[in-house]
Each structure stands twice: as structure tokens, then as C-alpha cells.
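Participant: Please read through the structure below; I'll follow up with questions.
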Amino acid sequence: MTAAAIRRASAIPAAEIRSLGAIGMLNVRCLVVLAAANVTVGAAALAGSCVVSLASGGGLDAVESTLSAGGFAVEVLVFALLVACIPIAVVGVPAGVLTSRALRRVSREWGHVLGFGLVGAALAVVLMQAGGMGTAPAWAALEGLVGAGGARWWSGISYRRDERERVARAAPQVHPAVGAGS
């Protein structure tokens, strides 16, 4: 990223994601971001395992075994996302409301994305440890950072798009032929 691109990105005003509905949607987006990130990482790991199996001379039987383990991993991912819905809904909505209130004086979007990401990272570690999950704290923090930060970024983009559409609908429409003759 160039210095000019970083300056442009840091100049984006923060979207107002504060209502319960907006925070609820942010939590839904968090699940989508987590699913996409985990599927991408899982697919890359599975492809890498298949290549290693073939390179080590394991043949197609080893690849088939690896792929069947990948199918099991997909089932685990779906189960994990279903389980994640509960803490994200129960803890994520109040945490999102409190975070948005705490960040109300932060004027730049990147500050909100980073703030939500850090809160998501902390909550993921706490929830995984409290739930007795064997996940490494660093992995849980990364999941929370990517999920909450990515969801806040996505929500900001959606908010600005909706706001532009609302302003465009509210603006009086001037017919080109009428405007040219005046």
C-alpha cells in the first residue's frame, strides 16, 4: 500500500454503527467473516496436505485419506460456527454497543475497525478459555481480531453505500434538457 493510499484510508470518516440493529448486523457479518477466513485457511491447509502427500510418495490413497479428513474438518467448522452464534449474540451485541459508545469521539474509520478488532480479540480469548476450549490464545485472538475488525470494516462500507443512496434519492432530480436550457 502506498503512502497516499494509507492517507486516503485514514481520512475516511467513521460510519455511525451504533443502533442495536446495526450492531446485530455487525455480529452477523462477524460470523460470515469468520466462516470465510476459516474456510480459506482450511482449504489452503488441505491443499498443502494433499501436495505433501503426493510429494512424499503417498499416492492417491494418501490424498483420499487427506480429503476425507477435510470433509470432517468442514463438519467441525459448521458445528463451530453454530456454537459461535450463541456467544457472539449474547456477548457480542452488548460489547458492540459499549465499544461503539466508547469510540463515538473517534472520527476515523480505521480507529473504529481497530477498536472493534481489539475488543473482538480480547473477548475471543476470554470466551474460549471460559468455555474450556483447547484453542491457543493467540489463535483465538486472531479469530476475534479478524472477525470483529472485518465485520466493522464491512459494516462501515455498507453504511456509507446506504447513506450515498439515501442522499441521492432525496436530492431533486433535474432533467438534462431542462437544466441545459436554463
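Participant: Any idea which of L142, L82 is at pLDDT below 85 and not aromatic (F, W, Y)? Explain how you work it out, then say what you get.
Facilitator: Details: L142 fails: at pLDDT below 85.
On inspection, the qualifying residue turns out to be L82.
Participant: Could you please tell me which pairs satisfy a Cβ distance under 7 Å, a separation of 6+ or placement on different chains, a first residue in segment 36-63 that is closer than 26 Å to L142 by Cα, and a second residue that is at pLDDT 75 or above and surrounded by 13 or more Cβ atoms within 10 Å (Cβ to Cβ)?
Facilitator: Matching pairs, first to second residue: A37/V146.
Participant: If you go through segment 17-53, how many residues are within 11 Å of the chain's Cα centre (by Cα) and hydrophobic (A, V, I, L, M, F, W, C)?
Facilitator: Qualifying residue count for the region: 10.
Participant: Here are R29, R8: which of them is modelled with pLDDT under 75, part of a helix (DSSP H, G or I) and closer than 22 Å to G150 by Cα? Give the derivation first.
Facilitator: Values: R29 fails: modelled with pLDDT under 75.
From the options R29, R8, the qualifying one is R8.
Participant: I need the full set of residues from segment 118-140 which are open to solvent by less than 50 Å² (accessible area, probe 1.4 Å), assigned to a helix (DSSP H, G or I) and out of contact with any Gly (no Cβ under 9 Å at 6 or more places or on another chain), in order please.
Facilitator: A140
Participant: Also: Based on this model, can you work out whether R160 counts as open to solvent by 50 Å² or more (accessible area, probe 1.4 Å), modelled with pLDDT of 80 or more and outside any helix (DSSP H, G or I)? So that I can check it myself, show each step before the final result.
Facilitator: Working: open to solvent by 50 Å² or more (accessible area, probe 1.4 Å): yes; modelled with pLDDT of 80 or more: yes; outside any helix (DSSP H, G or I): no.
Here the answer is no, as R160 does not meet what is asked.
Participant: Hey, another quick one. Right, G71: at pLDDT below 70, more than 22 Å from A136 (Cβ to Cβ) and out of contact with any Ser or Thr (no Cβ under 6 Å at 6 or more places or on another chain) or not?
Facilitator: Numbers: at pLDDT below 70: yes; more than 22 Å from A136 (Cβ to Cβ): yes; out of contact with any Ser or Thr (no Cβ under 6 Å at 6 or more places or on another chain): yes.
In short, yes.
Participant: Another question, then. How many residues are over 21 Å from A22 (Cβ atoms) and in contact with a Pro (Cβ under 8 Å, 6 or more places away or on another chain) if we restrict to segment 98-153?
Facilitator: 5
Participant: Also, I was wondering about something else. Residues of segment 103-116 being open to solvent by less than 80 Å² (accessible area, probe 1.4 Å) and either within 18 Å of the chain's Cα centre (by Cα) or modelled with pLDDT of 95 or more (or both), which ones? Before you say what the answer is, go through the steps one by one.
Facilitator: Narrowing segment 103-116 to residues open to solvent by less than 80 Å² (accessible area, probe 1.4 Å): 103, 106-107, 109, 111-113, 115-116.
Within segment 103-116, E109, G111, H112, V113, G115, F116 qualify.
Participant: Which residue out of G144, G120, G115 is under 17 Å from R101 (Cα atoms) and without any contact (Cβ under 8 Å) to a residue 40 or more places away in the chain?
Facilitator: Values: G144 fails: under 17 Å from R101 (Cα atoms); G120 fails: without any contact (Cβ under 8 Å) to a residue 40 or more places away in the chain.
Just a single option satisfies the conditions, and that option is G115.
The values are calculated or read from the model by the stated rules, or taken from the named source; none is laboratory data. Keep in mind the model is a prediction, meaning the values are calculated, not measured. Virtual Cβ from ideal backbone geometry, glycine too; neighbours counted across all protein chains shown. Ligands, DNA and RNA are stripped out before the accessible areas are found, and what is left, the full protein with its side chains, is counted by its heavy atoms. Shrake-Rupley method; radii C 1.70, N 1.55, O 1.52, S 1.80 Å.
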